[in-house]
Amino acid sequence: MTGRVIKFYNSFFFVKVEKDLIPCKLRGLLQRDKKIGSAVCVGDFVEISKLKDGSGVIEKILPRKSLLSRPLVANVDRVILTFAAAQPNLNLLLLDRFISLAENSKLAEIVICVNKIDLIEDKNFLAEYENLYKVIRTSTVTGAGVDELKEIISSGVTVFAGASGVGKSSLLNKIDANLKLKVGTVSEKILRGKHTTRISELIEFGNGFLVDTPGFSAVDLVDAGITAENLKYCFKEFEKFSGECKFLNGCSHSHEPNCGVKSAVENKKILRERYENYLTLLQELKSG
């Protein structure tokens, strides 16, 4: 049978096959190949054999389309990067750091959610990013954007990421009060401490699943596998102009002469703020 791993808890992988949730162990060969919990991830599609006692054995892991490093979740469809328009003010460097982490994880869809839009007058806030990513502007006070966000997260596997203070819990509560309760319960278990059993789980919502990510904002670029050499690939607007660089694939788009990306910045075809944030992150990676 083929199913999806919904939860990993106490050395059991809980695999959803249609309406059934089957606790499974790894086939011995898979256990010998990799450490338990890393060979199979929450979100993986797997082939299992069912045993007489109702449990199962994972025989094969099917190919993944994406892999998020923290929490370790496979086959994620999108990430909702949640920031506040004010209180606290949006930090573009932090936003571009989050985007780089999401791009490096090969997620198909990156959505920027600007919450607390009722606190500012500019209702087109962050319009300069809309040529790159979908931007949703939400408010739990006025209800703006809530229905649009709810529709997006009702299918596929969605990672919900946001720094503290941006109103993520209030936003989840506005979408569905029961959803906030489920996410909060899982987050508490994840954050109890490194010596306790860790639980990772996909939370069913609509026709899809939700993953809360209390550790996403704390992920270091290096920990996520981003290097000074591959950071440029996390800024997708660079690709269009990198073929004009004198040094082509060897260009870091920072100090080299005849750089197509630097020319695009000067000609206002690439956002200068984004480029400056790229340089800051690049220097961070180089300095170790």
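All of the numbers you see were taken from the coordinates with simple rules; none came from a lab. Note that the structure is a prediction, hence the values are computed from the model and not measured. So basically every Cβ, Gly included, is an ideal-geometry build from the backbone, and we count neighbours across all protein chains shown.
For the residue pairs K60/K168; K65/K286; K19/K180; K123/K269; K19/K106, alpha carbon separations beyond 27 Å are given by K60/K168; K65/K286; K19/K106.
Counting only DSSP H runs of at least 4 residues, each contributing -39500 (n - 2.57), and dividing by the residue count of the chain, the helix-based mean residue ellipticity at 222 nm comes to -7500 deg cm²/dmol.
When the Gaussian network model of the chain links Cα atoms closer than 10 Å, the mean-square fluctuations of V114, V222, V146 top out at V222. Each part reduced to its alpha carbon centroid, segment 137-152 and segment 225-288 end up 34 Å apart. Pick from K19, K60, K268: which residue has the top mean-square fluctuation in a GNM of the chain where Cα pairs under 10 Å get a spring? Its mean-square fluctuation being the largest, the pick is K19. Stretching L285 away from S155 to a fully extended chain increases their span by 43.2 nm, per 0.36 nm per residue minus the current alpha-carbon distance. Peptides 227-236, 97-106 ordered by packing proxy, namely the average of other Cβ atoms within 10 Å per residue, highest first: 97-106, 227-236. Structural size metrics of the chain, computed from C-alpha coordinates, are Rg and Dmax of 20.8, 68 Å.
Using only alpha carbon pairs under 8 Å that are at least six residues apart, calculate the relative contact order of the chain and give it in whole percent. So the answer I get is 15 percent. If only the Cβ of Lys and Arg carry +1 and only the Cβ of Asp and Glu carry -1, the dipole of the chain around its Cα centre is close to 960 debye. Would you mind checking segment 82-99 for residues with the amide N under 18 Å from a putative spin-label position 7 Å along Cα→C-beta of Y133? Residues passing the 18 Å test: 82-86, 88-99.
The local environment of V42, defined by Cβ-Cβ distances under 10 Å, has a net charge of 0 under the rule Lys, Arg +1 and Asp, Glu -1. Remark: relative contact order (segment 85-165) = 27 percent; criterion is Cα-Cα distance under 8 angstrom and separation of 6 or more residues.
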